[in-house]
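Accompanying notes for the structure given below.
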Amino acid sequence: MSETATVAAITKSVHVECEPERAFRVFTTEIGTWWPVETHSLNPGEVREVVWEERAGGEVYELSLAGDRCRWATVLTWEPPTRLVIAWQVNPDRLGTEIEVRFTPEDGGTRVDLEHRGWERIPDPAEMRAGYTTGWDHVLGRFEKRFAQP
C-alpha cells in the first residue's frame, strides 16, 4: 500500500485595523479593490471585475474586459464573519488546492490567518508551492494596504 506524503501548508497572518465583519467583506465581496489583478489573474491587465458568490457552492471568478468568465475557486465553507474555505483551482487542467481564511478579533482590529493546503494533490508541487509562498506575501500586503485607504 502506498501512502501519500503530506506537504506542509502555507500559512500567513496579517493584522488589519477594523472589525472582523469588515475584514471578511473586504476579503470577499470587495476583493476587486485590493487583489493585484494586473499580475495575479488569468487575464492580467484585462480584468473588469472579480466576483465572489457569497454561499457554499458559490464560485469566485474574474470577468475579463472582453466578457470572458474565468473561475478561480469554489466556495466550500461560508461562515461570515469568521471563516471561509475555498477549493482553489485556477487551472482547470490541474488538480486544485484548498484555502482556509479565518478572521479573529485582536487588539482593536482583526487577525486574518490564511492556510493554503492540499499540495500533496499536485504532482511535483515544489515549484508551484514556492510561487504561492511568496505570492501570498504580495497579495496579503495589498489586502493590508486596502485598510489604509479612506
Worksheet item: Quick check: anything in segment 91-114 surrounded by 16 or more Cβ atoms within 10 Å (Cβ to Cβ) and modelled with pLDDT under 95?
Response: yes
Practice prompt. Return yes when residue 74 is surrounded by 17 or more Cβ atoms within 10 Å (Cβ to Cβ) and either modelled with pLDDT under 95 or assigned to a strand (DSSP E or B) (or both) and no when it is not.
Written response: yes
Response to the item:
Filter segment 39-61 for residues that are of a type in the set (D, E, K, R) and over 13 Å from the mean Cα position of the chain (by Cα); the one that is farthest from residue 142 (Cα to Cα) is 55
Item to complete: Only residues that are in contact (Cβ under 8 Å) with a residue 60 or more places away in the chain and either within 14 Å of the chain's Cα centre (by Cα) or exposed (fewer than 15 other Cβ atoms within 10 Å of the Cβ) (or both): list them for segment 20-29, please.
Response: 21, 23, 24, 26, 27
Practice prompt. Any chance you could count how many residues in segment 62-95 are among the small types (Gly, Ala, Ser) and either more than 13 Å from the chain's Cα centre (by Cα) or over 22 Å from residue 12 (Cα atoms) (or both)?
Written response: 3
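The values are calculated or read from the model by the stated rules, or taken from the named source; none is laboratory data. As the structure is a computational prediction, the values presented were derived from the model and not from experiment. Every residue, glycine as well, gets a Cβ built from its backbone with ideal geometry; the counts of neighbours run over all protein chains shown.
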